[in-house]
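J.: Dropping the structure in here first, questions after.
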Amino acid sequence: MAVKTEESRSICFSCKTLDTILFMGFKYLHKIPEAKEILEAIPLPDNLKKIKSERDREIRAIFEGKSDKFILIIGPCSAHDEDAVCDYISRLAGLQDEVGEKIILIPRIYTNKPRTTGLGYKGMMHQPNPHEAPNIVEGIKAMRGMHIRSLRESHLTAADEMLYPFNYPYLEDVLSYVAIGARSVENQQHRLTVSGLDIPAGMKNPTSGDIEVMLNSVKAAQSSHRFSYNGWEVETSGNPLAHCILRGAVNSFGQNIPNYHYEDLVRIAGNYLGRSYVNPAIIVDVNHANSNKAFDEQPRIALEVMGSRQRSGLLKRVVKGLMIESFIEEGAQETSGDVYGKSITDPCLGWEDSEKLVRKLTEFL
């Protein structure tokens, strides 16, 4: 390894690329386009803007307690194949027409995938084609294009996970819901960024299951802040639609601990209402640690939550919806697999079972 002298350091300061390679271990590959460039190159048509505005109004009314409709945030663990994702969401659109009096379906189009070890497929933004090398510039274009295509074909605005706060401006005109994951919920930049959003944002409990962390995150997101964001000093108004997502926990022995049972929901809802939150709301994630990562347990868990809502006025008021991992084919395959409509990350419920579940949920509403 070369030893850097004071002379070499001064040379590096005059050559930023060399400085980066020698000092930081970063190799700069491609300049990421600013959001304005991408939005101009891949615009959202005016007719779809109107659809999004109406959808946002409907969804907002649920969180504000002005509508008794129930929310289902449903779709694949990660959106790796545009054709399959748009096919799936078009099927959801037909189902939405059927259950629309009681349920609002928000498709999951998750284009960034958090990884516990940092390894593996990280989502469409990283790899627009999971069988090819990463290319983030092309990934940004691909994820925006997929969101717009899905909206055009289904008229359903979608949810995405905010794994990286700097990504949001590339999708801010198409999303109707944002989720902050269990590994991001304590991060200051995520909390403060959510405080500037004008759509619902769900803050998951961390993998430890610490409910205080989640509640503190909601409080931060509902408050006004002044901070650095995408090269600007900004001031936010606070997001009154920030809320909790319960996804279960993992203890120090690696065991999954659920938090969707009646007692859990009553305790957390009571704690929630005992503080100064605006529009208190809970979404229950029926997969992940809540299902012990058994995707086919999701219908049972969903129905238990619905039964709990029927038994408690408190829960009927606060539990506003469910989060479900679902795709065309059930289960999961390796990243190298080529089964159409099958997840390459977490296993998902198949379409037939998903369709049955959505219809069954209407019986509780």
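All of the numbers you see were taken from the coordinates with simple rules; none came from a lab. This structure is a prediction, so every number in the text was calculated from the model and none was measured. Note that each Cβ is placed from the backbone with ideal geometry, even for glycine, and that neighbours are counted across all protein chains shown.
J.: Give the residue from 59, 218, 256 lying farthest towards the positive end of the charge dipole for the stretch 37-364; charges sit on Cβ (+1 for Lys and Arg, -1 for Asp and Glu) and the dipole is referred to the Cα centre.
T.: After comparing all options, I get 218.
J.: At what distance in angstrom do the alpha carbon centres of the stretch 330-352 and the stretch 88-165 lie from each other?
T.: 15
J.: If you put +1 on each Lys and Arg Cβ and -1 on each Asp and Glu Cβ, how big is the dipole of the chain around its Cα centre, in Debye rounded to 20?
T.: Here the size comes out at about 960 debye.
J.: To continue, here is another question. So what's the back-of-envelope 222 nm ellipticity for the chain, counting only DSSP H runs of four-plus at -39500 (n - 2.57) apiece and dividing by all residues, rounded to 500? Don't skip to the end; give the middle numbers.
T.: Details: 12 runs with 135 residues, N = 365.
Only helices count here, giving -11500 deg cm²/dmol.
J.: Which GluC sites (Glu not before Pro) from the stretch 316-363 combine a DSSP loop assignment with at most 12 other Cβ atoms within 10 Å?
T.: On the way: sites: 325, 329, 330, 334, 352, 355, 363; in loops: 329, 330, 334.
The qualifying sites are 334.
J.: If packing is taken as the mean number of other Cβ atoms within 10 Å per residue, what is the order of 279-286, 80-87, 32-39, highest first?
T.: Result, highest mean Cβ count within 10 Å first: 279-286, 80-87, 32-39.
J.: Among DSSP beta bridges lying fully in the stretch 37-364, give the percent that are antiparallel, nearest 5.
T.: Expressed as a percentage, antiparallel bridges in the stretch 37-364 total about 20.
J.: Report the charge-dipole magnitude of the stretch 225-363 in Debye, nearest 20, computed about the Cα centre from +1 at each Lys and Arg Cβ and -1 at each Asp and Glu Cβ. Mind dumping the intermediate values first?
T.: Numbers: 15 positive and 18 negative charges, 182 e Å.
My answer is approximately 880 debye.
J.: Follow-up question, since we're still on this one. Put +1 on the Cβ of every Lys and Arg and -1 on every Asp and Glu Cβ in the chain; which of 339, 302, 78 then has its Cα farthest towards the positive end of the dipole?
T.: 302
J.: Which entry in (i) 151; (ii) 189; (iii) 159 matches volume of the Cα convex hull per residue in Å³ derived from the coordinates of this structure?
T.: Among (i) 151; (ii) 189; (iii) 159, the one calculated here is (iii).
J.: Report the gain in length on full extension from residue 316 to residue 223: 0.36 nm times residue separation, minus Cα-Cα distance, nm rounded to one decimal.
T.: Numbers: separation 93, 0.36 × 93 = 33.48 nm, distance 2.59 nm.
This chain segment gains 30.9 nm when fully extended.
J.: In the stretch 315-365, what chymotrypsin sites (Phe, Trp or Tyr not before Pro) fall in a loop by DSSP, with at most 12 other Cβ atoms inside 10 Å?
T.: Sparse-neighbourhood loop chymotrypsin sites (Phe, Trp or Tyr not before Pro): 340.
J.: Assign one of three labels to the stretch 140-216, namely rounded, prolate or oblate, based on the Cα gyration tensor with a ≥ b ≥ c the square roots of its eigenvalues; rounded applies when a/c is under 1.5, prolate when it is not and a/b is larger than b/c, and oblate otherwise.
T.: Details: a/c = 2.39, a/b = 2.10, b/c = 1.14.
Note, shape of the stretch 140-216 comes out prolate.
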